[in-house]
Amino acid sequence: MTNELVVLRAGALTTVQDLGRPGYAHLGVPRSGALDPAALRLANRLVGNPEGAAGLEITVTGCTLRLTRAATVAVTGAEAEIRIGSRPGDTGRPLSVPAGAVLRIGAARNGVRNWLAVSGGVDVPSVLGSRATDTLSGLGPAPLRDGDRIPLGTPVGPPPPVDLTVGPPPRDELRLTVRLGPRDDWFSPAALDQLFGTAYTVSPVSNRVGARLAGATLPRAVAGELPSEGIVLGAVQVPADGQPLIFLADHPATGGYPVIGVVADVTPLAQARPGTTVRFHGPQR
């Protein structure tokens with residue numbers, strides 16, 4: 001029998017993710033990969049996989065899967081109801097799933113995303129050294145759909161002797177460290193006061209490409225057009241409407257709007273629901 005995950009319900013957005021494909025920005029290919037790499041690494045450790053093995057990133061509404069072989073699974077990230085057949089399970093624990101059993105991961109109770117690891121890893125074809133789905137460029141496998149059959153690899157070792165992990169709960173307010181540049185000189189002094197002195201909220205139209213924020217507009221000091229230039233993870237770009245956008249894992253390789261600064265760590269945004277408060281501050285000296 002083929003070792004597969006059968007997708008019974010794909011949910012709002014479930015994608016294959018690993019730690020991404022670094023080193024190809026010069027070819028116009030962003031890193032992509034899990035929005036919270038530490039959560040995927042943890043799930044893989046719990047089932048005995050290498051930390052970089054591919055798993056699933058599950059967004060908001062959960063998903064339902066059937067395993068054609070017995071396996072150990074682990075779900076990390078947001079709190080969610082988990083059931084293996086009729087038996088309940090917990091996030092942050094290695095869970096034994098018999099062959100043919102149905103694994104149900106419910107909607108996120110807090111936060112936005114879960115990461116699922118299966119012993120042996122998800123064994124879809126690799127593209128540029130990664131199995132990650134890039135939702136912007138289309139590299140990697142397409143987002144999962146009902147009825148898909150996802151191949152699994154062969155387990156390489158037993159799970160470690162860990163039976164519970166507790167992650168930090170999502171926060172209602174995020175404080176993000178941002179370094180100014182390269183185009184902060186395109187903005188007025190008032191824009192910098194607004195950026196560091198007022199609160200923003202996460203917009204409902206945020207996705208894996210970027211977290212769109214709503215709040216005070218950032219007025220420009222330079223009104224001209226900017227030639228497209230490179231974009232990095234965490235870049236805070238300011239489009240024509242003056243509302244900042246923080247680029248995440250599936251960001252484009254280049255952009256034509258000025259970047260006022262770069263966020264040092266975007267991981268907290270992986271679990272930021274719409275309406276979450278975001279405040280920026282400069283690096284500690």
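Bear in mind these aren't lab numbers, they're just calculated from the coordinates by the rules spelled out. Source: prediction; values computed, not measured. Glycine also receives a Cβ, built like all others from the backbone with ideal geometry; neighbour counts cover every protein chain displayed.
Among Phe280, Phe196, sorting on how many other beta-carbon atoms sit within 10 Å of each Cβ, with the fewest leading, yields Phe196, Phe280. Here is how the number arises for the chain: DSSP H runs of 4 or more residues each give -39500 (n - 2.57), the sum is divided by the residue count, and the result at 222 nm is -2000 deg cm²/dmol.
Taking the longest Cα principal axis of the chain as reference, the axis of helix 37-47 is set at about 10 degrees. In this structure the amide hydrogen of Gly100, modeled in the peptide plane, comes within under 5 Å of the amide hydrogens of Leu67, Thr68, Arg69, none closer than 5 places in sequence on its chain.
The C-alpha radius of gyration of segment 173-281, expressed as a fraction of 2.2 N^0.38 Å, stands at 0.96. Loop sites by DSSP among the GluC sites (Glu not before Pro) of the chain, restricted to those with at most 16 other Cβ atoms within 10 angstrom, leave 82-224 as the longest stretch without any of them.
Backbone amide hydrogens, once placed in the peptide plane, bring Thr276 within less than 5 Å of Val202, excluding anything fewer than 5 places away on its chain. Going from the residue with the fewest nearby Cβ atoms within 10 Å to the one with the most, Thr276, Thr154, Thr14, Thr135 rank Thr154, Thr135, Thr276, Thr14. Each residue of segment 219-234 was assigned a 3J(HN,Hα) from its phi angle through the Karplus expression (A = 6.51, B = -1.76, C = 1.60, θ = phi - 60°), giving x, 8, 9, 10, 9, x, 8, 10, x, 4, 9, x, 10, 10, 4, x Hz with x at Gly and Pro.
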